[in-house]
Amino acid sequence: MPNTQNDQFFDTAQASHHLGYSKSTLEWWRTEGRGPRFYKMSGRVRYRISDLNDWMESGLVETRG
């Protein structure tokens, strides 16, 4: 059974809170073609929670101990 939490969408304000960045940072990244994937539905930008989490994980750097 799929994880329904990961199929939910956030608007820009919710996504910025989830990631810990400002709303204006996410808006700027969109114009620059950077940042997490997003959907544009009926003129509204939405971020899928699983895409936000994947984007955060892609920045993970592991150090050797």
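The values are calculated or read from the model by the stated rules, or taken from the named source; none is laboratory data. Note that the structure is predicted; figures quoted are calculated from it, not measured. Heads up, the Cβs are rebuilt from the backbone with ideal geometry, glycines too, and the neighbour counts pull from every protein chain shown. When the accessible area is computed, the model is the full protein with side chains, heavy atoms only, and any ligands, DNA or RNA have been set aside. Shrake-Rupley method; radii C 1.70, N 1.55, O 1.52, S 1.80 Å.
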Restricting attention to the stretch 8-29, which residues are assigned to a loop (DSSP other than H, G, I, E, B), in contact (Cβ under 8 Å) with a residue 24 or more places away in the chain and open to solvent by 70 Å² or more (accessible area, probe 1.4 Å)? Gln8
Residue within the stretch 35-56 that is hydrophobic (A, V, I, L, M, F, W, C) and touching a Pro at 6+ places or on another chain (Cβ under 6 Å) present: yes
Quick check on Arg44: is it in contact (Cβ under 8 Å) with a residue 12 or more places away in the chain, loosely packed, with under 15 Cβ neighbours inside 10 Å and more than 13 Å from the chain's Cα centre (by Cα)? yes
Boolean, Val61 is of a type in the set (A, V, I, L, M), at negative phi and surrounded by 13 or more Cβ atoms within 10 Å (Cβ to Cβ): no
Just to be sure I understand, how many residues within the stretch 30-41 are open to solvent by 100 Å² or more (accessible area, probe 1.4 Å) and either assigned to a helix (DSSP H, G or I) or among the polar types (S, T, N, Q) (or both)? 2
